[in-house]
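Notes to accompany the following structure.
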Amino acid sequence: APYGDPNPGGQRLFPALFVRGLLCLQGSGLRPVSCPNPAHFDVLAHHPYAVAGPASHALGRDDVAIPDLAKLTRPLGVALRTGRVLPRTPKRLWITEFSWDSNPPDPDGVPIATQARWLEQSFELLWRQGADTVVWLNIRDDPPIPDFASTYQSGVFLRDGSPKPAATAFSFAFVAHRATRARVRVWGAAPGSGVVVVERRGAGGAWTQVRRLTAPAGRVFEVNLPVTGAATLRARLGSATSLPWAVGA
């Protein structure tokens with residue numbers, strides 16, 4: 001879980017504190033201590049639910065939200081180097097649960113377009129921190145029984161099976177960032193291998209090609225593009241098209 005209970009008697013242990021203890025390390029300096037029975041595992045998994053958007057850091061020192069995975073991966077690296085985790089082979093990092101409820105249908109959820117945008121941003125942030133597997137909760141919204149507050153409306157499909165924008169974001173993630181006044185960095189996870197076409201929307205609404213590139217076997221692509229001024233970009237692979245992403249000037 002992403003957050004611990006700071007008060008005495010709390011039910012939840014802080015995740016970074018737990019991982020340090022599991023790996024026989026102490027304090028922020030990750031001082032190795034005696035470890036007669038090292039932990040054996042192949043995958044380190046975490047549920048980095050956010051209190052706001054995906055770029056928001058956890059407030060607690062030992063809490064771990066989406067951009068805070070170094071609090072887990074740094075101790076893991078030290079433990080591997082010092083023999084405090086077995087086998088001494090690289091460990092995979094899995095994100096096995098995270099999401100945001102959307103409005104509609106939940107009146108207290110984030111706007112349905114924001115849910116899709118945050119999903120894509122999360123994929124990029126988690127990938128940059130070494131996660132190779134991401135599991136979103138849920139596929140389809142729960143029925144609001146007994147109410148919205150106690151059920152999940154975080155599906156990429158509405159209860160009736162209609163896709164939300166998040167369904168497109170999940171299958172074809174695409175994010176664009178202004179790097180300089182003259183360049184934009186785009187990142188994406190294509191739905192398959194092949195030629196990806198990055199396009200820009202013109203003043204009349206027509207899309208024109210900016211760059212063609214080949215999506216590698218891992219399907220993640222990243223490239224810096226010469227784009228000046230405010231722009232709306234998207235990516236295509238065959239008949240599949242990402243959601244558009246706007247960048248400022």
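What percentage of all Cα-Cα pairs in region 53-128 are separated by more than 14 Å?
On the way: 1952 of 2850 pairs.
When all Cα pairs of region 53-128 are counted, 68 percent exceed 14 Å.
Could you give the dipole magnitude of the chain about its Cα centre, charging the beta-carbon of Lys and Arg +1 and that of Asp and Glu -1, in debye to the nearest 20? Mind dumping the intermediate values first?
Values: 27 positive and 18 negative charges, 273 e Å.
Magnitude of the dipole: close to 1300 debye.
Considering only DSSP beta bridges whose two residues both sit in the chain, what percent are antiparallel, to the nearest 5? Working shown, then result.
Details: 33 of 46 bridges.
Here the share of antiparallel DSSP bridges comes out near 70 percent.
Under the √(5λ) rule applied to the eigenvalues of the Cα gyration tensor, what semi-axes describe the equivalent ellipsoid of region 115-175? Give them in Å, descending. Could the numbers behind the result be given before it?
Numbers: eigenvalues 115, 33, 15 Å².
Its equivalent ellipsoid spans semi-axes of 24, 13, 9 Å.
Can you classify region 82-213 as rounded, prolate or oblate using the Cα gyration tensor, where a ≥ b ≥ c are the square roots of its eigenvalues, rounded means a/c under 1.5, and otherwise it's prolate if a/b beats b/c and oblate if not?
Values: a/c = 2.20, a/b = 1.06, b/c = 2.07.
Here region 82-213 falls in the oblate category.
Which order do peptides 95-106, 193-204 fall in by mean Cβ count within 10 Å, highest first? Each step should come with its number before you reach the end.
Numbers: 95-106: 19.6, 193-204: 14.6.
Order by mean packing, descending: 95-106, 193-204.
Placing +1 at every Lys and Arg Cβ and -1 at every Asp and Glu Cβ, with all other atoms neutral, what dipole size does region 104-180 have around its Cα centre, in debye to the nearest 20? Kindly include the intermediate steps, with their values, before the conclusion.
Values: 6 positive and 9 negative charges, 64 e Å.
Dipole magnitude for region 104-180 comes out near 300 debye.
Counting only other residues whose beta carbon sits under 13 Å from that of Gly192, what net charge do I get with K and R as +1, D and E as -1? Don't skip to the end; give the middle numbers.
Details: positive: Arg219, Arg236; negative: none.
Neighbourhood net charge equals +2.
Once the Cα atoms of the chain are picked out, what are the Rg and Dmax in Å?
In order Rg, Dmax, the Cα atoms of the chain give 20.5, 68 Å.
Only helices at least 20 Å long along their own axis, judged from Cα atoms, and with Kyte-Doolittle mean hydropathy of -0.5 or greater: name those in the chain from DSSP H. It would help to have the intermediate numbers written out before the result.
On the way: long enough: 112-128 (25 Å, -0.24).
Span-like helices here: 112-128.
For Ser102, what is the net charge nearby, where nearby means another residue's Cβ is under 10 Å from its Cβ and Lys, Arg count +1, Asp, Glu -1?
On the way: positive: Lys164; negative: Asp101, Asp106, Asp141.
Surrounding charge for Ser102 is -2.
What is the mean projected area of the alpha carbon convex hull for region 5-136, to one decimal in square nanometres?
Values: hull surface 36.4 nm².
Quarter of the Cα hull surface area: 9.1 nm².
Counting Lys and Arg as +1 and Asp and Glu as -1, what is the net charge of the other residues whose Cβ lies under 14 Å from the Cβ of Ala206?
Values: positive: Arg200, Arg201, Arg234, Arg236; negative: Glu199.
It works out to a net charge of +3.
Would you mind telling me the share, in percent, of accessible area of region 1-114 contributed by carbon and sulfur at probe 1.4 angstrom?
Values: 3470 of 6030 Å².
Carbon-and-sulfur percentage of accessible area, whole number: 58.
Counting heavy atoms of the protein chains only and a 1.4 Å probe, report the per residue accessible area for region 104-202 as a whole number of Å². Could you put the intermediate results ahead of the total?
Numbers: 4600 Å² over 99 residues.
Ligands and nucleic acids excluded, the figure is 46 Å² per residue.
Quick check: convex hull of the Cα atoms in region 143-237, volume per residue, rounded to a whole Å³? Before the final figure, lay out each step's value.
Details: hull volume 13.8 nm³, N = 95.
Value for region 143-237: 145 Å³ per residue.
Quick one: check the C-alpha center-to-center distance for region 133-169 versus region 192-249, whole angstrom.
27
Please report Rg (one decimal) and Dmax (integer) in Å for the Cα set of region 140-185.
16.4, 52
The values are calculated or read from the model by the stated rules, or taken from the named source; none is laboratory data. Predicted model only: the values in this text are computed from it and were never measured. So basically every Cβ, Gly included, is an ideal-geometry build from the backbone, and we count neighbours across all protein chains shown. When the accessible area is computed, the model is the full protein with side chains, heavy atoms only, and any ligands, DNA or RNA have been set aside. Shrake-Rupley method; radii C 1.70, N 1.55, O 1.52, S 1.80 Å.
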